[in-house]
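J.: Dumping the structure here so I can ask a few things about it.
A short reminder: the numbers here are calculations on the coordinates, not readings from a lab. Computed from a predicted structure; not experimentally measured. Using ideal geometry, Cβ is built from the backbone for each residue, glycine included, and neighbour counts are taken over all protein chains shown.
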Amino acid sequence: MIILFYGQDSYRAKRKLDELMEDHKKKHKSGLNLRYMEAKGTSFADLKNEILMVSMFQEKKLVVLLDIFSNSKLKEDLIEQGDILNNSENILLLFESNDIPVKDRLLVFLNDVAKVEKFEPLKGEKLKDWTRKEVEKLGGKIDQKALVMLTDMVQGNLWQLSNEIMKLVNYSKEEITEKDIKTLVNPNNETNIFDTVDAIAQRNKKKAIGLIKKHIEKGESAILLLATIASQIRNIISVKSSDGERAYDLGMHPFVFSKSLSQSRDFSLEDLKKIYARIVDLDSQIKVGKIDQNIAIDLLITEI
């Protein structure tokens, strides 16, 4: 059996993956038939052997494969021979923490033969409803005006939103109000991450790690910080790759453009691409539980 989880809402995709893995662990007590594999460096033969190999405990296997859409050879082989794996009682779960073009050949194939679930960003009333339920799960309450303010400030980033909800529930003794949100919620982490990116550019690891720790001490999650650094690295790549285009041409706020232009002088394009690729790799590992988010962000800084 093949399952695909993908989409821009990686928070809900990761939560669904966690639920599936927990259910598997409850049913299969040995814990030896849950596997993580990265598509990079994996062949179809490797994947087939892992899926079809008979378990010594007679348990169903769950194999989580990360980022198959980055491995063109494995994609093509799965299209050609994927029925072999789909007909197995064991489960191959493909986890892609990004969107996929609708005409991608592997996605078209999987839509026909596999169980595919796309996690779209929540908006409008769906986002408000999700937020209210998350507050209630933690034993809190939130008034309607505060709910509207919170979802407007954070919008569809559920990694940040979940972090803000936890802070607000712990802070508010009764019902979360607009005043609580104004006190605790940071609507935009971009302006606060520029100093950290400057430190990274200067290869000042001690300063960068110190700044990261200050963010975390204020209640921000490491995975959100990683995403924010990734966003700024993308901005710098856009500016550095542009042919004299200005903020308006790139769809960028003038202040962000100015900072990105300044920071672009401290990086080579090759270095920027390597940093961004490493962030994507660490982000995938965090989201499937292979590495702790705090360790991941320290690892990123020390490797630069």
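J.: For MET153 and ASN49, what does the FRET efficiency come to when R0 = 45 Å and r is the distance between their Cβ atoms, rounded to the nearest 0.05?
T.: 0.40
J.: Using amide H atoms built in the peptide plane, which far-off residues or other-chain residues are under 5 Å from SER97 H to H?
T.: Result for SER97 returns ASP67.
J.: Could you work out [θ]222 nm for the chain from helices alone, using -39500 (n - 2.57) per DSSP H run of at least four and dividing by all its residues? Round to the nearest 500 deg cm²/dmol.
T.: -19500 deg cm²/dmol
J.: Leaving out same-chain residues fewer than 8 places away, which aspartates and glutamates sit with a Cα under 15 Å from that of LYS29?
T.: Leaving aside aspartates and glutamates fewer than 8 places away in the same chain, those within reach of LYS29 are GLU59.
J.: Follow-up question, since we're still on this one. Long-range amide H contacts for ILE142: which residues qualify at under 5 Å (H placed 1.01 Å from N, peptide plane, sequence gap of 5 or more or a different chain)?
T.: ILE176
J.: Of SER284, SER97, SER238, which has the largest mean-square fluctuation in a 10 Å C-alpha GNM of the chain?
T.: Maximum fluctuation in the GNM of the chain, among the listed residues, is at SER238.
J.: So which helices of the chain fit the span-like rule, where a helix is a whole DSSP H run, its Cα atoms reach 30 Å or more along the axis, and its mean Kyte-Doolittle is at least -0.5?
T.: none
J.: Check cross-link reach from LYS26 to the lysines: straight Cα distance under 28 Å, and skip same-chain residues fewer than eight apart.
T.: Excluding near neighbours in sequence, the set is LYS14, LYS16, LYS48, LYS60, LYS61, LYS115, LYS118, LYS133, LYS137, LYS287, LYS290.
J.: If r is the Cβ-Cβ distance from LYS173 to ARG203 and R0 is 35 Å, what FRET efficiency results, to the nearest 0.05?
T.: The calculated FRET efficiency here is 0.15.
J.: With an 8 Å Cα cut-off and a minimum separation of 6 or more residues, compute the relative contact order for the chain in percent. Could you put the intermediate results ahead of the total?
T.: Values: 381 pairs, mean separation 51.3, N = 304.
The normalised contact order for the chain reaches 17 percent.
J.: Residue separation times 0.36 nm, minus the C-alpha to C-alpha distance between SER231 and LYS16: what's the value?
T.: The SER231-LYS16 span can extend by a further 74.9 nm.
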